[in-house]
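Peer 1: Quick one: the structure is below, and I'll ask about it shortly.
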């Protein structure tokens with residue numbers, strides 16, 4: 001566990017140095033003073049605001065993702081509703097679909113007579129051989 005970037009071994013080292021420098025009697029006074037100072041900081045309004053802001057910053061990515069997910073779900077629901085509204089105008093017998101022509105189909109001369117159609121030329125002998133299966137066997 002680290003407190004302000006100071007690990008347990010470093011904390012023990014700091015306490016030993018303070019004990020050597022201050023001595024046992026002044027160490028009590030310094031501890032009391034340090035304890036009062038920390039209590040004043042922790043119970044102050046500024047510390048509470050700092051803790052609240054820190055908590056909000058830690059939860060900010062989760063909250064943003066949740067909000068984005070809710071917006072995406074809402075957009076998806078709106079699209080589904082719009083699709084269902086257009087889907088309710090589905091095909092009913094007697095009404096043409098949008099991809100079908102509305103009126104009767106009138107054949108054009110180009111559709112009835114093929115142009116540029118090349119038929120293979122077949123000789124009379126191959127026609128006779130194809131039509132008589134007994135002679136081929």
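Peer 1: Rg and Dmax in Å for region 1-82, alpha carbons only: what are they?
Peer 2: Using the Cα atoms of region 1-82, the pair Rg, Dmax is 24.2, 80 Å.
Peer 1: What distance in nm separates the two pseudo spin-label positions at residue 51 and residue 30, each 7 Å out from Cα along the beta-carbon direction?
Peer 2: Between residue 51 and residue 30, the label points sit 2.8 nm apart.
Peer 1: With a point put 7 Å past each Cα toward its Cβ, work out how far residue 43 is from residue 81 in nm, to one decimal.
Peer 2: 5.4
Computed from the coordinates by the stated procedures, all read-outs in this text should not be read as laboratory data. All figures in this text were calculated on a predicted structure; none of them were measured in a lab. Here the Cβ is made from the backbone with ideal geometry for all residues, glycine too, and neighbour counts use every protein chain on show.
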